[in-house]
Each structure stands twice: as structure tokens, then as C-alpha cells.
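Written out below as C-alpha cells is the structure these notes cover.
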Amino acid sequence: MKLEGAVALVTGGASGLGEATVRRLVAGGARAVIVDQNADKGRALEAALDGKARFVQADVTNAEQVAAAVEAAAALGPLRVAVSCAGVGWAARTVAKDGAPHDLELFKTVVGINLIGTFNVLRLAASAMSRLEPLADGERGVIVNTASVAAYDGQIGQVAYAASKAGVVGLTLPAARDLAAVGVRVLTIAPGTFDTPMLAMLPEPARQALAAGIPFPRRLGRPDDFAALIEHLVSNPYLNGEVIRLDGALRMPPK
């Protein structure tokens, strides 16, 4: 699929992996809808892209707000690409050292945003794509979700996060099979340790320690590494139903 003339919707698009994705897709010729809760960052990115992107404030778990974002994208042109980067992560053990059980509402919140929010975007974007005229090869669109290596190598304290991301991995193939009939591909990226605003808050020695644990290249992942893979997934029509680890051969230890 060519980006030129297409519209892309990116959740979590105002910073980190999402911002890099928006910038990369726009540079490739697409117009973009930046979906995020942070209005200041979203509007700043919209302004920086000089008419090639529109910001829509939305909570990915809210059906009406995501539907409005999809409608905003469709108003710009054919919505051919949807990328879900919105997500959260909190650390808590199943049973704390003092014997307290994991907070159930916290577990629900993480699963709600990371898994249910991702599916909410997928279902609504796919519905809009299914009504488009197919391209010459029958393709109508491509949806890329974001999981994490924690889906496979969840560490101590990541039970909610790992479960939510494993759910994203698990829905990839059946969603791709569901949407084959309408020519929409579904893919997932499972990033390792990336240099995002969340990690930027760590002290430099801690960041260096994380980078040292990555086999090669021995550095934190860069948001543009992620965005470059998004661009390839969009352009390669034979990639479908697949989860791709993007982690420099990292396998996370227990803690």
C-alpha cells in the first residue's frame, strides 16, 4: 500500500512512538489524525506538521470519542492506515511484600487501555476501511497494534501489563483472519526497551544499564526504529497476521 494520498490514524500520536510514527507517515505522503489525551502536545504536533495532520483529543476506551476520531480521519480522505500506540504501564506484584493483593481496579485500568482500547480502535477503523473502494490488489487498509516483549517475557511486577500486551498478541491472527474478507491486514509490533518519554525520566545510570542488557545494537530503541517498521509494514502487502519483536534480541530477565 502506498502512503501517498492515504490517511493514517495514530493513537498515542502526540509523543514517543506515536509521534515518530505520525511524522514518518506524513513524510511518506500520508495525512494523519493524531489521537491523544494530551491536548497541548497534540496541538503542537498538528501545528508543526503544517496542515498535514489534525489533532483529535480522545480516550481510546471511549467508543464515541474514537468513532469521532475515525470520522475526522475519513473526512480528510481514505482512511487506509490505523496505528495503536496508546498505552500505560504500572508496576505491582500479584501479592505485595506485606501480603496485600494486587489492586483489581489497577489491573482493569491497564487491561482496559492497552487491550480493550486497542481493540476499540481496531474494530472502528476496520469498519470504516471495509467501506472503501479496494485498491488494485484488493487491499483496503492495514492496522498495526503495539504489544511489548512483556507479552512473552513479563517481569516481576508486570502481571497487568504483560497480560494486556499478551492479549494484543493473541488478537492479531484472528483479527487478520476476520478482516481478510474485506482486504484489511492486521499486524502487531512487540517493542523492547525504547527511549521514550517514560524512560527519559530515569537517571542516566539506569538508562545505561538498560541499554547494556540489549545484545545488539547495544542501545535503547529509538522511536524512529519503530516508525520505520510501521512504514515497512504498511508498504509490504504480504505481511499479515504477524507479531514482530523489535528488541535488538533482548529477552527480559525476571526482574
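The values are calculated or read from the model by the stated rules, or taken from the named source; none is laboratory data. Because the structure is a prediction, the values reported are computed rather than measured. Quick reminder, even Gly has a Cβ in these numbers, built from the backbone with ideal geometry, and neighbours come from all protein chains shown.
For the reader, a short list of remarks on this structure follows.
- Selection over segment 153-204 of residues that are at pLDDT 95 or above and at positive phi gives a count of 1.
- The single residue among GLU139, GLU133 that is farther than 16 Å from LEU187 by Cβ, surrounded by fewer than 20 Cβ atoms within 10 Å (Cβ to Cβ), among the charged types (D, E, K, R) and out of contact with any Phe, Trp or Tyr (no Cβ under 9 Å at 6 or more places or on another chain) turns out to be GLU133.
- The helices (runs of 4 or more DSSP H) found entirely in segment 164-255 that carry 2 or more residues being more than 28 Å from THR61 (Cβ to Cβ) are 204-212, 223-235.
- Qualifying residue in segment 206-215 (condition: closer than 14 Å to CYS85 by Cα and either in contact (Cβ under 8 Å) with a residue 12 or more places away in the chain or β-branched (Val, Ile, Thr) (or both)): no
- Qualifying positions in segment 69-116 - farther than 29 Å from LEU132 by Cβ, under 14 Å from the mean Cα position of the chain (by Cα) and not small (Gly, Ala, Ser): VAL88
- LEU250 being crowded, with 16+ Cβ neighbours inside 10 Å, over 21 Å from ALA32 (Cβ atoms), modelled with pLDDT under 95 and in contact with a Gly (Cβ under 9 Å, 6 or more places away or on another chain): yes
- Inspection of segment 65-86 identifies at least one residue that is hydroxyl-bearing (Ser, Thr, Tyr) and buried (at least 24 other Cβ atoms within 10 Å of the Cβ).
- Residue match in segment 108-127 (condition: surrounded by 14 or more Cβ atoms within 10 Å (Cβ to Cβ), hydrophobic (A, V, I, L, M, F, W, C) and at pLDDT below 95): no
- Flag if GLY99 is at positive phi and in contact (Cβ under 8 Å) with a residue 60 or more places away in the chain: no
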